[in-house]
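Data block below; observations after.
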């Protein structure tokens, strides 16, 4: 199986923390939809595996597309690729786009999973992040989506916002758990360079984030959600049984995927490629019959590093018995040896009977740093 990701690079307004590629001008949407549909046709030879198990519309804000534009993209993909009968088709949505009519149209178009950018149920947080919706809109959108027949709803929440106390964070989680959702993605607020938030913090018009406070809220999250029946199957993702994101799981398992649209990434097991992050140049190139993408053929060491990075973020961690031929007994032994210092600190665990090396709950706080350390060990091997 493989996946397709479609990047819709348009938003109503810019959240101050966001560094994704998007435009707040919507005048190019019609041209962009036609260009993405054409790229879908041009990319049909990229994958060795023709069966598509997941289709994910991300962005940006895909829910800004009208139903005709969304149907055009879905229909083109269905015509050019073989979608599994039970394919997971996800649409990222803003709460204020979830009208009863839109929800009905999305379901009729084949969307069977919603990923809703709630971020917080507190208006003060939403205002601080420059979100376009209010808390009441988020509550209403979830209830209406459930009433419209969506039984696979995910929401995003952000923690570590300067004014978000532990009690307020608990209220956010409590509110989420009272709603008909099946999946939660919870992210620590990060200050990305060149974002509006970064500039505001530099000018001291906004408080900087507190790393220790973020770590505490993450620890609380790992306590509360399992108690409510949500399994932490990846560092930032929690799901009720049977509701893990199949699309995101495919990324973490190294399954090939095509990325359509400006700035979208693709991977076919041999190389990765990424499209230009410029709407006008993307459209112009596609209209001229060119896919404006850079390509990188992965070395064995790069493939191993990629597997380390994505596997360590999952509950299962690195399962050597399931890895490819790039991993010899020597690679496995040296990586386990390098992990001993993290095992001693209680941040990792090695299960020899399962050939499994994974982070402990405490270790998930340091997932990126531990992965970077293991990258250096792996890079020295050939």
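Among the residues making up the range 141-174, those that are outside any helix (DSSP H, G or I) and either on the phi > 0 side of the Ramachandran plot or out of contact with any strand residue (DSSP E or B) (no Cβ under 8 Å at 6 or more places or on another chain) (or both) are 148, 149, 151, 160, 161, 162, 163, 164, 165. The number of residues in the range 281-326 that are in a helix (DSSP H, G or I) and surrounded by 13 or more Cβ atoms within 10 Å (Cβ to Cβ) comes to 21.
Scanning the range 92-112 for residues that are touching a residue at least 12 places away in the same chain (Cβ under 8 Å) and either outside the structural domain of residue 188 (by TED's automatic domain parsing) or not in a loop (DSSP other than H, G, I, E, B) (or both) yields a count of 13.
Selection of the range 175-196 for residues being part of a strand (DSSP E or B) and crowded, with 17+ Cβ neighbours inside 10 Å yields 183, 184, 185, 186, 188.
Taking the criterion of being farther than 13 Å from residue 185 by Cβ, surrounded by 18 or more Cβ atoms within 10 Å (Cβ to Cβ) and at pLDDT 95 or above, the residues of the range 227-266 that qualify are 246, 257, 258, 259, 260, 261, 262, 263, 264, 266. For the range 17-58, filtering for residues that are assigned to a loop (DSSP other than H, G, I, E, B), out of contact with any strand residue (DSSP E or B) (no Cβ under 7 Å at 6 or more places or on another chain) and crowded, with 18+ Cβ neighbours inside 10 Å leaves 2. For the range 113-140, residues that are over 21 Å from residue 244 (Cα atoms) and either in a helix (DSSP H, G or I) or out of contact with any helix residue (DSSP H, G or I) (no Cβ under 9 Å at 6 or more places or on another chain) (or both) total 13.
Within the group 139, 126, 184, which residue is in the same structural domain as residue 234 (by TED's automatic domain parsing) and closer than 18 Å to residue 11 by Cβ?
Among 139, 126, 184, only 126 is in the same structural domain as residue 234 (by TED's automatic domain parsing) and closer than 18 Å to residue 11 by Cβ.
For the range 75-89, the criterion of a residue being in the same structural domain as residue 150 (by TED's automatic domain parsing) and under 25 Å from residue 140 (Cα atoms) is satisfied by at least one position. Just so you know, in the range 62-91 the residues that are assigned to a strand (DSSP E or B) and free of Cβ contacts under 8 Å to residues at least 24 places away in the same chain include one that is surrounded by the fewest Cβ atoms within 10 Å (Cβ to Cβ), and it is 85. Selection of the range 252-265 for residues being more than 15 Å from residue 49 (Cβ to Cβ) and out of contact with any helix residue (DSSP H, G or I) (no Cβ under 6 Å at 6 or more places or on another chain) yields 259, 263, 264, 265. Every test in (1) out of contact with any strand residue (DSSP E or B) (no Cβ under 8 Å at 6 or more places or on another chain); (2) under 27 Å from residue 54 (Cβ atoms); (3) in contact (Cβ under 8 Å) with a residue 40 or more places away in the chain; (4) crowded, with 18+ Cβ neighbours inside 10 Å is passed by residue 133 save one, and that test is (3). Checking each residue in the range 201-219 for being assigned to a helix (DSSP H, G or I), without any contact (Cβ under 8 Å) to a residue 60 or more places away in the chain and under 13 Å from residue 188 (Cα atoms) picks out 211, 212, 213, 214, 216, 217.
The values are calculated or read from the model by the stated rules, or taken from the named source; none is laboratory data. Only a predicted model underlies this, so the values are computations on that prediction, with no experimental measurement involved. FYI the Cβ positions are ideal-geometry reconstructions off the backbone, even for glycines, and counts take in every protein chain you see.
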